[in-house]
Amino acid sequence: LSVLRSGLDLARFPLVERVPWDGRRPIELLFVGRLVAKKGVGDAIRAVAGARLAGVPARLTIVGDGPLRPDLADLAAGMGLG
C-alpha cells in the first residue's frame, strides 16, 4: 500500500468572502475539456437555456474539441445560445 499525497498549499489560496448573487450579474459557467457524451456538455447547454428562459442571466463558455463539437454547436444555436 502506498500513499500519494497530491494536495495544495492552502496558504497560497486564502478564503475570499463571496458576495451573494444579486440576480443582476450574469451567472458565468466555464467548461474546459474534451467534447464527448460522458462530460454532459449538452446538459449544461440546456440548463443555461432554461435559466435564460426563466429570466436568469447566464452565460456558458465552452473550451475544447471532440467528436460532439458539431452537434453541441447545433444544440446551442437551436436554443438561441450561439
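Structure data summary
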| item | result |
| --- | --- |
| Sequence-distant residues sharing a close amide H with residue 29 (under 5 Å, placed H) | 59, 60, 61 |
| Among 32-39, 72-79, 21-28, the order from most to least packed when residues are scored by Cβ within 10 Å on average | 72-79, 32-39, 21-28 |
| For the chain: relative contact order, % (alpha-carbon pairs under 8 angstrom, 6 or more apart) | 33 percent |
| ³J(HN,Hα), Karplus 6.51/-1.76/1.60, whole Hz, each residue of the stretch 64-79, x for Gly, Pro | x, 8, x, x, 8, 3, x, 5, 5, 5, 5, 4, 4, 5, x, 9 |
| Summed side-chain charge close to residue 42 - residues other than residue 42 whose Cβ falls under 15 Å, Lys, Arg +1, Asp, Glu -1 | +2 |
| Tensor-based shape of the chain (alpha-carbon gyration tensor, a/c under 1.5 rounded, otherwise prolate or oblate) | oblate |
| Computed helical MRE - 222 nm, the chain, DSSP H runs ≥ 4 contributing -39500 (n - 2.57), nearest 500 | -8500 deg cm²/dmol |
| J(HN,Hα) series, the stretch 37-51, from Karplus relation 6.51 cos²θ - 1.76 cosθ + 1.60, nearest Hz, glycine and proline x | 4, 5, 7, x, 5, x, 5, 5, 4, 5, 5, 5, 4, x, 4 |
| In Hz, Karplus ³J(HN,Hα) per residue of the stretch 21-33 (6.51, -1.76, 1.60; θ = phi - 60°; x = Gly, Pro) | 5, 9, x, 9, 6, x, 7, 9, 10, 10, 10, 10, x |
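Each reported figure results from applying straightforward, stated rules to the coordinates on display, with no laboratory input. Nothing here was measured: the structure is a model prediction, and the numbers come from that model. Glycine also receives a Cβ, built like all others from the backbone with ideal geometry; neighbour counts cover every protein chain displayed.
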